[in-house]
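For reference, the structure is listed below as structure tokens.
The values are calculated or read from the model by the stated rules, or taken from the named source; none is laboratory data. All values reported here derive from a predicted model rather than from experimental measurement. With ideal geometry, Cβ positions are generated from the backbone for all residues, glycine too; neighbour counts draw on all protein chains shown. When the accessible area is computed, the model is the full protein with side chains, heavy atoms only, and any ligands, DNA or RNA have been set aside. Shrake-Rupley method; radii C 1.70, N 1.55, O 1.52, S 1.80 Å.
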Amino acid sequence: MVTIIRVIVGIIGSAVCIALYAVPIVIKEASVGEFSCVPYILALFSTLTYSWYGFPVVSSGWENISVCGTCLIGVLFETSFISLYLWFAPRQKRKFVMLMVSLVLAIFCVTVFTSSFIVHTHHVRKVFVGSIGIVTAISFYSSPLVAVKQVIRTKSVEFMPFYLSLFSFLASLIWMIYGILGRDPYITTPNAAGCFTGILQLAVYGIYSRCKEPTKILSDIEQANDMAMATKP
């Protein structure tokens with residue numbers, strides 16, 4: 001019974017994750033502006049690691065097929081986002097992104113090689129790949145805290161879309177339940193952290209989404225003060 005429920009939760013989690021991956025796919029301007037590519041790179045690292053974690057080479061059989069399938073789709077989406085970012089980004093940012101992606105791919109290749117040819121049991125492979133997965137996933141879920149800081153500083157939710165925060169929270173919650181049902185700490189732990197950051201983002205969004213008018217008034221006052229200073233002899 002628990003296995004059936006876990007499969008159902010995994011299917012729901014896959015659907016929510018696909019929605020999460022697809023949220024940033026709409027391009028409004030042919031410019032990266034102030035947006036950072038780091039969250040997408042961390043997401044690529046996380047999806048690569050957990051897609052390998054779900055393979056029978058690491059997990060026992062196809063017990064984590066939902067994780068594997070979802071993360072493989074995530075790899076495709078994140079690769080597309082990074083490619084688009086590189087297309088529109090200025091040269092300096094493009095170099096940084098290429099360096100980060102190369103580092104991520106190098107670490108992932110070392111992980112695959114080590115778990116395939118040096119480690120010889122499923123248990124140790126799960127511990128090894130799962131531990132790396134926890135680090136990558138928590139890093140990914142922690143990356144929106146930069147956006148939270150920016151929202152608090154600017155009192156504007158422009159750089160923290162509501163639906164991205166919502167689907168991030170839902171995905172973390174569902175996969176945390178999936179990990180609990182399977183008694184898998186390598187899935188439960190990072191998604192518990194994701195739930196926390198998701199709740200934090202939604203709370204910050206709820207507070208500062210109502211601050212548009214005060215921010216505008218403050219901006220008008222500052223502009224008036226600047227004009228007054230400019231007219232002084």
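Taking the range 165-196 as the region of interest, how many residues are more than 16 Å from residue 139 (Cα to Cα), without any contact (Cβ under 8 Å) to a residue 40 or more places away in the chain and open to solvent by less than 10 Å² (accessible area, probe 1.4 Å)?
The total comes to 1.
Which residue is nearest to residue 47 (Cα to Cα), if the candidates are limited to the range 131-140 and must be among the β-branched types (Val, Ile, Thr) and buried (at least 16 other Cβ atoms within 10 Å of the Cβ)?
136
Among the residues that make up the range 148-164, is at least one of them open to solvent by less than 30 Å² (accessible area, probe 1.4 Å), more than 20 Å from the chain's Cα centre (by Cα) and on the phi < 0 side of the Ramachandran plot?
Quick first cut of the range 148-164, residues open to solvent by less than 30 Å² (accessible area, probe 1.4 Å) only: 148, 151, 157, 160.
Among the residues that remain, those that are also more than 20 Å from the chain's Cα centre (by Cα) are: none.
Within the range 148-164 (the criterion being open to solvent by less than 30 Å² (accessible area, probe 1.4 Å), more than 20 Å from the chain's Cα centre (by Cα) and on the phi < 0 side of the Ramachandran plot), the answer is no, since none of the residues qualifies.
Residue-by-condition table, conditions (1) loosely packed, with under 14 Cβ neighbours inside 10 Å; (2) not in a helix (DSSP H, G or I):
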| position | (1), (2) |
| --- | --- |
| 80 | no, no |
| 94 | no, no |
| 101 | no, no |
| 110 | yes, no |
| 120 | yes, yes |
| 124 | yes, no |
| 129 | no, no |
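Residue 199: open to solvent by 50 Å² or more (accessible area, probe 1.4 Å), modelled with pLDDT of 90 or more and either within 30 Å of residue 52 (Cα to Cα) or not in a helix (DSSP H, G or I) (or both), yes or no? Steps first, please.
On the way: open to solvent by 50 Å² or more (accessible area, probe 1.4 Å): yes; modelled with pLDDT of 90 or more: yes; either within 30 Å of residue 52 (Cα to Cα) or not in a helix (DSSP H, G or I) (or both): yes.
So residue 199 fits the description; yes.
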